[in-house]
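Okay, so here's the structure we're looking at.
The values are calculated or read from the model by the stated rules, or taken from the named source; none is laboratory data. No experiment lies behind these values; they were computed from the predicted model shown. So basically every Cβ, Gly included, is an ideal-geometry build from the backbone, and we count neighbours across all protein chains shown. Just the protein is used for accessible areas: all its heavy atoms, side chains included, with ligands, DNA and RNA removed. Shrake-Rupley method; radii C 1.70, N 1.55, O 1.52, S 1.80 Å.
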Amino acid sequence: MKADAAPALARARSGGAVPMAELHCHIEGAARPALVLELAERHGIDLGGIVRDGAYVWHDFTSFLAAYDRASLMFRDAADYCRLAEDHLTGLARAGAVYAEFFISPDHAASAGVPGDAYLGGLAEGIRRAKTATGIEARMIAIGVRHLEADRVEAAARFAATHAVREPLLTGFGLAGDERIGTPRDFAPAFDIARDAGLGLTAHAGEFDGAQNVRETVEILQTSRIGHGVRAVEAPDVVRMLADKGIVLEVCPHSNLALGVYPDAASHPLRPLVEAGCRVTLNSDDPPFFATDLAAEYAFAASAGFGSGDRLGFTRNAIEAAFVDEATRQRLLQQLVVSAIALGAPSSSG
Ligand code: ADE
Ligand code: ZN
């Protein structure tokens with residue numbers, strides 16, 4: 001067996017958890033409060049009260065975004081970002097993940113005074129160290145922040161297009177931020193730049209805005225994936241469009257519950273979306289902000305009645321939709337077949 005398959009497969013053989021994969025996590029949003037506190041002290045920066053009793057403090061989407069922005073200011077150089085990526089990925093690998101993508105935000109790095117090269121280089125070094133230590137495979141997706149305006153999103157796309165030439169771990173472009181601001185058409189020039197550069201494309205939609213925004217995002221920005229997308233469930237024609245086109249949804253259940261998109265687990269549309277034929281993946285979004293991690297998202301699916309074969313299917317969907325080269329994708333899919341046999345789970349459901 002290859003070293004890189006070892007931790008997840010060993011767990012599967014012992015009857016343990018299904019191997020996991022994640023497509024939707026913001027790297028600054030993955031920073032543990034303890035790490036943010038440590039860096040704030042080291043760099044002498046005021047945290048502004050965003051951490052209390054070891055947890056982030058916020059109360060709605062706007063104050064969450066403000067806390068997230070503030071936390072990101074504590075990362076001041078390549079070494080800080082290296083540590084962040086290494087910490088995040090080794091934790092994921094130990095929990096049973098075989099593949100992870102994370103969003104990076106050149107605008108957040110610039111706000112912290114970190115040049116784009118140092119930001120990307122530090123994160124890439126963290127990925128390489130985590131792979132050496134655990135075998136986990138990872139890639140980065142640069143995002144534009146929609147509430148910073150369309151020309152900044154276009155600048156983020158140019159950043160992604162130029163830096164992807166030199167850094168093969170940067171493989172995608174996406175759109176995040178406050179969905180209540182701007183329309184998909186505003187961001188079409190940015191997505192044209194990223195598409196022309198051969199990057200994979202995804203965009204947040206159907207989180208705080210409704211199903212129509214999901215439709216327009218797919219039609220206008222031509223993304224193969226949608227971040228969240230859960231509110232598509234409000235319009236059967238949009239759900240049908242997603243299923244017909246095979247658009248992959250990066251579903252983040254605990255994020256939706258923490259941000260009040262749904263009042264409780266029973267109201268969350270994970271099951272109706274899967275039953276309508278949508279290709280769904282499970283993701284943690286900004287894990288310590290929402291008191292979650294990827295294993296908790298898979299546990300959410302288990303408690304919603306998805307068996308180990310179904311959960312393996314979520315992982316397969318993620319790997320099939322990953323912004324990764326074909327040789328790596330095939331190797332990861334092969335690992336899943338072995339895991340399915342070890343778990344006694346069907347290898348093609350989900
Ligand atoms: N940036 C970080 N987390 C986000 C979320 N859940 N939605 C939109 N933008 C984000
Ligand atoms: Zn997100």
Contact list, first residue from segment 168-185 and touching a residue at least 12 places away in the same chain (Cβ under 8 Å) and within 25 Å of V324 (Cα to Cα), second anywhere and within 15 Å of ligand 2 (Cβ to nearest atom) and open to solvent by 30 Å² or more (accessible area, probe 1.4 Å), beta-carbon distance below 6 Å, six or more apart or interchain, is G177/H147
Among helices (runs of 4 or more DSSP H) completely within segment 15-108, the ones holding 1 or more residues that are without any contact (Cβ under 8 Å) to a residue 40 or more places away in the chain are 33-43, 61-72
Across segment 220-238, the tally of residues that are over 21 Å from the mean Cα position of the chain (by Cα) and aliphatic (A, V, I, L, M) stands at 3
Within segment 286-319, residues away from ligand 2 (no atom under 16 Å from the Cβ), within 20 Å of the chain's Cα centre (by Cα) and among the hydroxyl-bearing types (S, T, Y) come out as Y298, T315
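Taking G48, is it modelled with pLDDT under 95 and over 20 Å from A291 (Cβ atoms)?
For G48, the condition - modelled with pLDDT under 95 and over 20 Å from A291 (Cβ atoms) - is met.
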In segment 180-209, anything modelled with pLDDT of 95 or more and among the charged types (D, E, K, R) is listed as R185, D186, D192, R195, D196, E207, D209
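Residue check: is R180 within 16 Å of ligand 1 (Cβ to nearest atom), out of contact with any Gly (no Cβ under 9 Å at 6 or more places or on another chain), basic (K, R) and open to solvent by 10 Å² or more (accessible area, probe 1.4 Å)? So that I can check it myself, show each step before the final result.
Values: within 16 Å of ligand 1 (Cβ to nearest atom): yes; out of contact with any Gly (no Cβ under 9 Å at 6 or more places or on another chain): yes; basic (K, R): yes; open to solvent by 10 Å² or more (accessible area, probe 1.4 Å): yes.
Against the criterion (within 16 Å of ligand 1 (Cβ to nearest atom), out of contact with any Gly (no Cβ under 9 Å at 6 or more places or on another chain), basic (K, R) and open to solvent by 10 Å² or more (accessible area, probe 1.4 Å)), R180 qualifies.
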The number of residues in segment 64-91 that are within 16 Å of ligand 2 (Cβ to nearest atom) and either closer than 24 Å to R316 by Cα or open to solvent by less than 40 Å² (accessible area, probe 1.4 Å) (or both) is 7
Within segment 184-238, restricting to residues that are closer than 19 Å to G260 by Cα and more than 16 Å from ligand 1 (Cβ to nearest atom), the one that is most open to solvent (accessible area, probe 1.4 Å) is E234
Selection over segment 131-149 where residues are part of a loop (DSSP other than H, G, I, E, B), farther than 17 Å from L23 by Cβ and open to solvent by less than 20 Å² (accessible area, probe 1.4 Å) yields a count of 1
Matching residues in segment 297-328 (more than 21 Å from H268 (Cβ to Cβ) and among the charged types (D, E, K, R)) number 4
Matching residues in segment 247-285 (more than 16 Å from ligand 2 (Cβ to nearest atom) and open to solvent by 20 Å² or more (accessible area, probe 1.4 Å)) number 12
Practice problem: Please verify whether segment 285-293 includes one or more residues that are touching a strand residue (DSSP E or B) at 6+ places or on another chain (Cβ under 6 Å) and within 19 Å of H24 (Cβ to Cβ). | Solution: yes
Being more than 16 Å from ligand 2 (Cβ to nearest atom) and under 24 Å from I27 (Cα atoms) narrows A203, A211, A190 down to just A190
Of the candidates V239, V248, V261, V218, the one satisfying the condition of being without any contact (Cβ under 8 Å) to a residue 60 or more places away in the chain and within 25 Å of L312 (Cα to Cα) is V239
Checked R128, R158, R152 against criteria (touching a Leu at 6+ places or on another chain (Cβ under 9 Å), assigned to a helix (DSSP H, G or I) and open to solvent by 20 Å² or more (accessible area, probe 1.4 Å)); the one match is R128
